[in-house]
1. Can you give the calculated 222 nm mean residue ellipticity of the chain, where each DSSP H run of n ≥ 4 adds -39,500 (n - 2.57) and the sum is split over every residue, rounded to the nearest 500 deg cm²/dmol?
2. What's the center-to-center distance, using Cα atoms, between the stretch 43-81 and the stretch 86-151 in Å?
3. List the pair-distance distribution P(r) of the stretch 17-219, using every Cα-Cα distance, as the percent of pairs falling in each 10 Å bin from 0 up to the bin containing the longest distance, rounded to whole percents.
4. With an 8 Å cut-off on Cα pairs and a minimum separation of 6 or more residues, tell me the relative contact order of the stretch 1-100 in percent.
5. Hey, if you put +1 on the Cβ of every Lys and Arg and -1 on every Asp and Glu Cβ in the chain, which of Trp60, Met1, Tyr183 ends up farthest toward the positive end of that dipole?
6. Across the Cα atoms of the stretch 134-211, what radius of gyration and what greatest pairwise Cα-Cα distance (Dmax) are found, in Å?
7. Under 8 Å for C-alpha pairs, at least 6 residues apart: give me the relative contact order for the stretch 17-219, rounded to a whole percent.
8. Calculate the dipole size of the chain relative to its Cα centre from +1 charges on Lys and Arg beta carbons and -1 charges on Asp and Glu beta carbons; express the result in debye to the nearest 20.
Amino acid sequence: MPTVDAKPSPFTFELDNVALLVIDMQRDFLLPGGFGESLGNDVSQLARTIEPLAALMAVWRAHNLPIIHTREGHLPDLSDCPPSKLARGGIGEQGAFGRILIRGEYGHDIVDELAPLDGELVVDKPGKGAFYATDLSDILEKLNAKKLVVTGVTTEVCVHTTVREANDRGYDCLVPADCVGSYFPEFQRVGLEMIAAQGGIFGWVADSPTLIAALSSQEQK
Ligand code: TIU
């Protein structure tokens, strides 16, 4: 059983009960000129997640373990966007990469480096959390996933919302610190601390080389 040195305690999983969630690694959040930057954010803070996440995904794929990608976005007619979200601006407006966070637009899709492979699941979600108004719960049940490795952006928004809800739904979540990113260094630090505090109040935190090493040591047994 792979055992990952993590905070606040070792995180264990079986190869047949784990899934990798890759949250919202979309051009509109990551690329200069996109929605994230238009909100006044420093997108360079997110770029550093791409390389470690690509490495983790490669190992995951080599082990034939499930990867589920998510994308935050809305239907072109915005019928799935709450008025309260719409009122804060941006969504559906013309941006540098097409209509902002609208499904089918260039900016809504995942960055080239982390593009889903054929057969990998992509969950389109209208909210911050990956469970709200999606079939993620059914997908995880079919996969027999009980343990989730949660990655992506942003740490304190869509990653946190998803991890908190997954925890309430009975999933153990491991967050590799180098595979999640925030526009705000302070939120990154505190966001990760919040997860593992109080004995792992809603999850575990490690780094991706440690997780990859745990998977590799499994092979040697
Ligand atoms: N703005 C921000 O930090 N995040 C989002 O709007 N969505 C996600 O986190 N995916």
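1. Dividing the helical sum by the residues of the chain leaves -9500 deg cm²/dmol.
2. Taking the Cα centre of each part, the stretch 43-81 and the stretch 86-151 sit 8 Å apart.
3. 9, 37, 38, 14, 1, 0
4. So the answer I get is 27 percent.
5. Met1
6. Looking at the stretch 134-211, its Cα Rg and Dmax stand at 12.2, 37 Å.
7. It rounds to 26 percent for the stretch 17-219.
8. 320
Every number in this text was worked out from the coordinates using simple rules, so none of it is lab data. Since this is a predicted model, take the numbers as computed values, not measurements. No Cβ is skipped: glycine too gets one built from the backbone with ideal geometry, and neighbour counts run over all protein chains shown.
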